[in-house]
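Working notes for the structure below.
The values are calculated or read from the model by the stated rules, or taken from the named source; none is laboratory data. Everything quoted here is computed from the prediction, not taken from an experiment. Ideal geometry is used to build each Cβ from the backbone, glycine not excepted, and the neighbour counts take in all protein chains shown.
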Amino acid sequence: MHTIDHIVVWTAVLVIIATGGVLARQRHMLRATGAVPLAMRRGSRWVYGIGRYVGDDLRVYRVLGIGTRPSRVLRRGVVEVLTRRGPLESERRTLPATAVIVECRIDGDTFTFAVGESAFTGFVSWLESGAPH
């Protein structure tokens, strides 16, 4: 084998291993207790993720990636739901028609995410079940 052949083979092996690792991470996170699939708005596009309820936090992780830290943490008692709506016509290409799009205010910042109807009901119940501040 030539050097180029070795580089191509090892590159393919590394890509396969990395893809397997990302998929294994995603599967592990979705099987965890309190996990819910969601999509986060980043600028004008939607990025798929996984939310995990851990005590008074909803930790949001990107689906694709190898990091173990959440990309966003929503703390119960600090989150204020501003609006709730269905997807716009332009969003139906990337989101299911039954998605609920939620815009929240967290410490002055806005955060928009989309979840299924039952996950939205769970989110609202989680917010309401916190101790009053």
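Within the range 33-91, the set of residues being free of Cβ contacts under 8 Å to residues at least 40 places away in the same chain, more than 22 Å from Arg105 (Cβ to Cβ) and assigned to a loop (DSSP other than H, G, I, E, B) comprises Thr33, Gly34, Val63, Gly67, Thr68, Arg69. Within the range 5-24, residues that are under 18 Å from Thr68 (Cβ atoms) and at pLDDT 70 or above have Cβ atoms under 6 Å from residues that are loosely packed, with under 10 Cβ neighbours inside 10 Å and of a type in the set (Gly, Ala, Ser) in no pair, counting only partners at least 6 apart in sequence or on another chain.
Arg62 satisfies every condition listed in (1) in contact with a Ser or Thr (Cβ under 7 Å, 6 or more places away or on another chain); (2) of a type in the set (Lys, Arg); (3) more than 13 Å from Ile50 (Cα to Cα) except (3).
Restricting attention to the range 104-133 and to residues that are under 15 Å from Val78 (Cβ atoms) and in contact with a strand residue (DSSP E or B) (Cβ under 8 Å, 6 or more places away or on another chain), the residue that is surrounded by the most Cβ atoms within 10 Å (Cβ to Cβ) turns out to be Phe123.
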